[in-house]
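Colleague: Sharing a structure below in structure tokens format, with a few things to ask.
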């Protein structure tokens, strides 16, 4: 066999092999693209609960959730909420009602959601658990130190009381589990039943306070309702 015949025979065999694999030029049919992975599961949608309806009652074009879980964090949440109002006004021309703000007071920040009447009666018991003292008097507070002014630089809330934020439309998610814990401590120290102490604490929340099942749950629910999350500490 001549060299030319040998080359023709070789290319014929190679071309036939490509054709069998569907790779032949011009003669092979295009292979169908692999179908994308399909699933019957629909996109996730969080369940709605009437206990969480209050998140949607706050007016606003923007929503933010400040998560405080320490005495210092409670004060800083007040400062950050105030900064949020200021920056939205100066930078965007928005009013307070354009920004929905929720401050979550949970864990060791929870007692600052209670009124002065509670602190006057049970301040020593709560402060002992928090390891917190009035920074000026150097003893257990007899008032909610974050619901008044006059502490200047000794507290991080910049002399801005919680009730002032409430008047501007800020709401407070108050941890129910931590409230029960504080009720238990108060009950032991003052000879009360836990249920009676819990009822008293629950009835003396700050204005715009909402007792939620737990602060950690409120973090989740607020995000499901469109609130941006900001951890304070």
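The values are calculated or read from the model by the stated rules, or taken from the named source; none is laboratory data. Predicted, not measured: the structure shown is a model, and the values here were computed from it. For neighbour counting, all protein chains shown are included, and Cβ atoms are generated from backbone atoms with ideal geometry for every residue, glycine included.
Colleague: List every residue pair whose Cβ atoms lie under 6 Å apart, where the two residues are 6 or more positions apart in sequence or sit on different chains, the first residue falls within the stretch 53-72 and is part of a helix (DSSP H, G or I), and the second residue, located anywhere, is surrounded by 21 or more Cβ atoms within 10 Å (Cβ to Cβ) and modelled with pLDDT under 95.
Modeller: Note: no pairs meet the criteria.
Colleague: Right, next: Taking residue 182, is it in contact with a strand residue (DSSP E or B) (Cβ under 9 Å, 6 or more places away or on another chain) and farther than 17 Å from residue 100 by Cβ?
Modeller: Considered against the rule, which asks whether it is in contact with a strand residue (DSSP E or B) (Cβ under 9 Å, 6 or more places away or on another chain) and farther than 17 Å from residue 100 by Cβ, residue 182 comes out as yes.
Colleague: Considering only residues that are touching a helix residue (DSSP H, G or I) at 6+ places or on another chain (Cβ under 6 Å), closer than 22 Å to residue 173 by Cα and surrounded by fewer than 20 Cβ atoms within 10 Å (Cβ to Cβ), which ones fall in the stretch 86-103?
Modeller: Passing the criteria: only 96.
Colleague: Here is a further query. Report yes if residue 65 is at pLDDT 95 or above and under 16 Å from the mean Cα position of the chain (by Cα), otherwise no.
Modeller: yes
Colleague: Hey, another quick one. Please give the number of the condition residue 187 fails out of (1) in contact (Cβ under 8 Å) with a residue 40 or more places away in the chain; (2) in contact with a helix residue (DSSP H, G or I) (Cβ under 6 Å, 6 or more places away or on another chain); (3) assigned to a helix (DSSP H, G or I).
Modeller: Residue 187 satisfies every listed condition except (1).
Matching residues to (1) surrounded by 14 or more Cβ atoms within 10 Å (Cβ to Cβ); (2) under 12 Å from the mean Cα position of the chain (by Cα); (3) without any contact (Cβ under 8 Å) to a residue 12 or more places away in the chain; (4) in a helix (DSSP H, G or I):
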| site | (1), (2), (3), (4) |
| --- | --- |
| 180 | yes, no, no, yes |
| 200 | yes, no, no, yes |
| 210 | yes, no, no, no |
| 219 | yes, yes, no, yes |
| 226 | no, yes, no, no |
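Colleague: Sticking with this one: Looking at this structure, is residue 166 in contact (Cβ under 8 Å) with a residue 24 or more places away in the chain, part of a helix (DSSP H, G or I) and closer than 23 Å to residue 86 by Cα?
Modeller: So residue 166 passes the test.
Colleague: Hey, does the stretch 144-156 have a residue that's within 22 Å of the chain's Cα centre (by Cα), in a loop (DSSP other than H, G, I, E, B) and in contact (Cβ under 8 Å) with a residue 40 or more places away in the chain?
Modeller: Scanning the stretch 144-156, I find at least one residue that is within 22 Å of the chain's Cα centre (by Cα), in a loop (DSSP other than H, G, I, E, B) and in contact (Cβ under 8 Å) with a residue 40 or more places away in the chain, so the answer is yes.
Colleague: I'd like to verify a number: residues in the stretch 122-132 that are in a loop (DSSP other than H, G, I, E, B) and surrounded by fewer than 16 Cβ atoms within 10 Å (Cβ to Cβ), how many?
Modeller: 1
Colleague: Do we have any residue at all in the stretch 3-23 that's surrounded by fewer than 10 Cβ atoms within 10 Å (Cβ to Cβ), out of contact with any strand residue (DSSP E or B) (no Cβ under 6 Å at 6 or more places or on another chain), at pLDDT 95 or above and at negative phi?
Modeller: no
Colleague: State whether one or more residues within the stretch 110-120 are closer than 19 Å to residue 208 by Cβ and without any contact (Cβ under 8 Å) to a residue 40 or more places away in the chain.
Modeller: Yes, the conditions are met somewhere in the stretch 110-120.
Colleague: May I pose another question? Is it true that residue 138 is over 27 Å from the mean Cα position of the chain (by Cα), surrounded by fewer than 17 Cβ atoms within 10 Å (Cβ to Cβ), at pLDDT 95 or above and assigned to a helix (DSSP H, G or I)?
Modeller: no
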